Amino acid sequence: MTQQQLNGVELPDQNGFFGQYGGQFIPPHLKKAMDDINIAYENIRKKPEFQQELQELFTDYVGRPSPLFYAKRLSEQLGGAKIYFKREDLNHTGAHKINHCLGEALLAKYMGKTKVIAETGAGQHGVALATACALVGIPCEIHMGQVDIEKEHPNVVKMKILGAKLVAVTRGTATLKDAVDSAFEEYLKDPEQYIYAIGSVVGPHPFPKMVRDFQAIIGQEIKQQAQMHFAKLPDYVVACVGGGSNAIGAFSAFLADDQVQLVGVEPAGKGLDTDQHAATLSLGKPGQIHGMACYVLEDELGQPLPVHSIASGLDYPGVGPQHSYLKDIGRVQYQSVTDKECLDAFMTLSRVEGIIPALESSHAVAWVIREAGAMDATTNIVVNLSGRGDKDADYVAKKLGL
Ligand SMILES: Cc1ncc(COP(=O)(O)O)c(C=O)c1O
């Protein structure tokens, strides 16, 4: 894990800013709690025994490195670029979320915290955190919107089996943003004893930095595996963007490699011309949400708008501050695909390669299905397959009448 620099700029700076984004927009008493977490993280990060423990868990518990798989049939069918999948779906617990949850749980233990609290959308962060807390031996409380609880039943059951307390959130649209609000309120009851283990590269400093650092392993592995598969850097690295943790994890190692095109894929939901999407970077504007400055989908009064995506892990009206910065400096292109394109991609990957992707990851797959045919066969695209679709199988089957 290394500090990140881009064009000589430290990301984030000492105050947690990525350009104008990030920071700590929180009440003064919470600032102390966040600064304590930052100090503890900077201490632990430099300890060889912590790095060794995390590496061993990545290898023996998560199953890293996750493979880079050449999707021959899909590439041939699209008739253009060569498509490779970074198989984060094969990680223990089924998604990339376990990478930062292990880091956050070890940090909680190091800081002597008595409870780990978090939100979850699709349930992947919730399952991964409940898993990491079971492993480390700390009580865990997960807040989840009622709508998502009904949609992501397998993950709800897993969290309970793993010993987490599940709090159903019924306020607002009963989805991800409301779960974050609810988890934050619980955390505020005792920030000294509790830790809020945020599920993405969002929230106040140091979370966007810390979660990114734990996820950076994805891009580091892609870089090595690309050499083994095609002896050069990929031409494209593509990932879906909700809060942005899997995307920043995949992109980090390539930020300084200008020849590598980085594409973040946002949910266009029922269309960018409707009010039912969550394409924050495509259509939002700079604002503040959940303690950070970032692009936000908000109304004229600065209130977050209700958002929609078929993928519960992507329907968030904010986005990571580093992504907001990378958009402004033009280093990453942020594009979008609709619910329909996502569902089609979910089915295509299942039937052409025998891989059932998470609906979140299916957004990145859909972008590639749309674009790869127009590229030539010397182009290598790596798609971060952030998670597996077991959690979505019942929902998709019902929706498509299978
Ligand atoms: C499989 C999967 N991919 C992606 C995401 C989106 O999160 P992020 O943008 O932080 O990677 C989620 C969130 O729940 C997820 O479960």
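The values are calculated or read from the model by the stated rules, or taken from the named source; none is laboratory data. Keep in mind that this is a model prediction, so the values were computed, not measured. Every residue, glycine among them, receives a Cβ derived from its backbone with ideal geometry; neighbour counts consider all protein chains shown.
List of remarks:
- Count of residues meeting criterion [under 16 Å from the mean Cα position of the chain (by Cα) and within 22 Å of residue 146 (Cα to Cα)] in the stretch 291-309: 1
- Inclusion of residue 156 among residues that are closer than 18 Å to residue 34 by Cα, within 14 Å of the ligand (Cβ to nearest atom) and either part of a helix (DSSP H, G or I) or not hydrophobic (A, V, I, L, M, F, W, C) (or both) is not warranted.
- Scanning the stretch 72-97 for residues that are assigned to a loop (DSSP other than H, G, I, E, B) and in contact with a Ser or Thr (Cβ under 8 Å, 6 or more places away or on another chain), we see that the one that is farthest from the ligand (Cβ to nearest atom) is 80.
- Residue match in the stretch 348-362 (condition: assigned to a strand (DSSP E or B), within 16 Å of the ligand (Cβ to nearest atom) and either over 26 Å from residue 221 (Cα atoms) or in contact with a Cys (Cβ under 9 Å, 6 or more places away or on another chain) (or both)): no
- Subset of the stretch 98-129 that is in a loop (DSSP other than H, G, I, E, B) and in contact with a strand residue (DSSP E or B) (Cβ under 8 Å, 6 or more places away or on another chain) - its residue that is farthest from the ligand (Cβ to nearest atom): 114
Yes/no matrix, rows are residues, columns are (1) of a type in the set (A, V, I, L, M); (2) under 15 Å from residue 85 (Cα atoms); (3) away from the ligand (no atom under 16 Å from the Cβ):
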{"position": "224", "(1), (2), (3)": "no, yes, yes"}
{"position": "243", "(1), (2), (3)": "no, no, no"}
{"position": "247", "(1), (2), (3)": "yes, yes, no"}
{"position": "257", "(1), (2), (3)": "no, no, yes"}
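- The residue list 389, 401 contains one member that is within 16 Å of the ligand (Cβ to nearest atom), more than 30 Å from residue 4 (Cα to Cα) and at pLDDT 95 or above, which is 389.
- Of all the numbered requirements in (1) within 16 Å of the ligand (Cβ to nearest atom); (2) within 20 Å of the chain's Cα centre (by Cα); (3) hydrophobic (A, V, I, L, M, F, W, C), residue 166 misses one, and that requirement is (2).
- Contact map, the stretch 283-294: residues that are within 12 Å of residue 20 (Cα to Cα) paired with residues that are among the hydroxyl-bearing types (Ser, Thr, Tyr), Cβ distance under 6 Å, separation 6+ or inter-chain. Pairs shown: 293/21; 294/21; 294/324.
- A residue that is among the charged types (D, E, K, R), within 18 Å of residue 360 (Cβ to Cβ), at pLDDT below 95 and out of contact with any helix residue (DSSP H, G or I) (no Cβ under 7 Å at 6 or more places or on another chain) cannot be found anywhere in the stretch 152-161.
- Test: residue in the stretch 33-45 that is in contact (Cβ under 8 Å) with a residue 60 or more places away in the chain, in a helix (DSSP H, G or I) and farther than 30 Å from residue 290 by Cα: no
- For residue 200, the stated conditions hold: it is buried (at least 24 other Cβ atoms within 10 Å of the Cβ) and among the hydroxyl-bearing types (Ser, Thr, Tyr).
- Entry remark, the stretch 1-25: residues being surrounded by fewer than 19 Cβ atoms within 10 Å (Cβ to Cβ) and at pLDDT below 95 number 9 in total.
- Condition met for residue 233 (in contact (Cβ under 8 Å) with a residue 12 or more places away in the chain, under 15 Å from residue 330 (Cα atoms) and among the aliphatic types (A, V, I, L, M)): no
- In the stretch 188-210, the residues that are in a helix (DSSP H, G or I) and either more than 27 Å from residue 11 (Cα to Cα) or of a type in the set (D, E, K, R) (or both): 188, 209
- Qualifying residues in the stretch 160-174 (those that are free of Cβ contacts under 8 Å to residues at least 60 places away in the same chain and of a type in the set (Gly, Ala, Ser)) - the one surrounded by the fewest Cβ atoms within 10 Å (Cβ to Cβ): 163
- Number of the condition not met by residue 257 [criteria: (1) crowded, with 17+ Cβ neighbours inside 10 Å; (2) over 21 Å from residue 181 (Cα atoms); (3) not small (Gly, Ala, Ser)]: (1)
- Residues satisfying the stated conditions in the stretch 363-386, i.e. within 16 Å of the ligand (Cβ to nearest atom) and not in a loop (DSSP other than H, G, I, E, B): 363, 364, 365, 366, 367, 368, 382, 383, 384, 385
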